[in-house]
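Have a look at the structure below, then the notes.
The values are calculated or read from the model by the stated rules, or taken from the named source; none is laboratory data. If you're wondering where the values come from, they're calculated on a predicted model, not measured in any experiment. For neighbour counting, all protein chains shown are included, and Cβ atoms are generated from backbone atoms with ideal geometry for every residue, glycine included.
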Amino acid sequence: MKYIFAICAFLLVSCDGTVTKKTAVVTGAEVVKVDEPVPVSETRSVVKTTPAAEYSEPLKDELNDWKFYVGLYETKRTFHYTVHIQCKELRLTDSVNIPNFGREPIVAVRKGREPLTALIGFLDKKNNFMEYREVSFKNDRLRVRTLHTYSVNAYRTKAGE
């Protein structure tokens, strides 16, 4: 009986809402199911060549068919993406590292607050868009700036504190 109490206390303290898998733990004559976190692989087995997220907006020009384009492409590393940016004839490549929240990252590119502006970000576990970088084209200048920084920390406390 005290083993079950100890396991229940451990589970209450260590629950953090991450993706889990069920395993069976045998304690004496009883079998207790315990949730264990499933780690996300640091590398991808298959890298898609299509963009994971993109945003495009046409530029007003009578002679040329120009566009403002921001696309996020997967790399071999799971939490690392390559950003392709195009505006007029200017092409730029950058990179973005998404924090490891214990699940597969979901990246997004959304329209910014001003014309010819795009927001690069990701979705958290509640599917809220978290702004990370802003790409803008204003006065014939392309600008990439970091809006917010994110980090992940793990804290452990002793049972009973």
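In the set R77, R133, R91, which member is more than 15 Å from the chain's Cα centre (by Cα) and basic (K, R)?
R91
Could you tell me whether T49 is over 20 Å from E134 (Cβ atoms), of a type in the set (V, I, T) and without any contact (Cβ under 8 Å) to a residue 60 or more places away in the chain?
Considered against the rule, which asks whether it is over 20 Å from E134 (Cβ atoms), of a type in the set (V, I, T) and without any contact (Cβ under 8 Å) to a residue 60 or more places away in the chain, T49 comes out as yes.
How many residues does the range 51-80 hold that are at pLDDT below 95 and of a type in the set (S, T, N, Q)?
2
Could you check the range 134-147 and list, in sequence order, the residues that are surrounded by 11 or more Cβ atoms within 10 Å (Cβ to Cβ) and acidic (D, E)?
E134
When you scan the range 134-148, how many residues do you find that are part of a strand (DSSP E or B), in contact with a strand residue (DSSP E or B) (Cβ under 6 Å, 6 or more places away or on another chain) and touching a residue at least 24 places away in the same chain (Cβ under 8 Å)?
Total meeting the criteria: 5.
Could you grab me the full set of residues in the range 52-82 that are touching a residue at least 40 places away in the same chain (Cβ under 8 Å) and among the aliphatic types (A, V, I, L, M)?
A52, A53, L59, V70, L72 - these are the residues of the range 52-82 that are touching a residue at least 40 places away in the same chain (Cβ under 8 Å) and among the aliphatic types (A, V, I, L, M).
May I ask you to verify whether P99 is assigned by TED's automatic domain parsing to the domain that holds L142, under 22 Å from T149 (Cα atoms) and modelled with pLDDT under 95?
So P99 passes the test.
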